[in-house]
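The structure appears right after this line, and notes come after that.
Readers should treat all values here as calculations from the given coordinates under stated rules, not as data from a laboratory. Treat the numbers as computed from the prediction; the structure is a model and nothing was measured. FYI the Cβ positions are ideal-geometry reconstructions off the backbone, even for glycines, and counts take in every protein chain you see.
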Amino acid sequence: MAPVEGTDGHWRVGFTKFATRMLGELVEAEFKLAQGDPVHPGQEIGVVEGFKAASDVYCVMSGHFHGSNPTLDIDACIVRSDPYIDGWLYEVKGEPEDASMDALGYIELLEKTINRMQEEEHAEDQ
């Protein structure tokens, strides 16, 4: 999961592109919390079901649950087609856990990892 900071300390949290590939098309997302409920990292807050798998959703934030993405009720596939912008899962007002990485940081890490792997592969071929 990757949090993206919004305004006034609100963070939107969603799956990474890799996670969406493992899950497949999202069929349903259900959250157990009401708006304003306190949350903490590692807390199970809901469940998502995809064509390939079902998964519990754990919070990566400390703060208060601000709700799930209302778009998921209309088009749950947005999680896979646009995970970093419109396909977020839930919103929390608070702070992400220290180990969290925002979407841009995650994309940068992937690019560096892919480049390193390509360089290693190229070196092995020579």
Order of ILE114, ILE45, ILE78, ILE107 from fewest to most other C-beta atoms within 10 Å? ILE114, ILE107, ILE78, ILE45
Ranked TRP88, TRP11, criterion: other C-beta atoms within 10 Å, fewest first: TRP11, TRP88
Based solely on its DSSP helices, what 222 nm [θ] is calculated for the chain when runs of n ≥ 4 H residues each add -39,500 (n - 2.57) and the sum is averaged over all residues, nearest 500 deg cm²/dmol? -8000 deg cm²/dmol
On a 0 to 90° scale, report how tilted helix 103-125 is relative to the longest principal axis of the chain, with both axes built from alpha carbons and the result rounded to the nearest 10. 20 degrees
Explain nothing, just compute: Karplus ³J(HN,Hα) = 6.51 cos²θ - 1.76 cosθ + 1.60, θ = phi - 60°, for every residue of region 37-46 in order, whole Hz, x for Gly and Pro. 5, x, 9, 9, x, x, 6, 6, 10, x
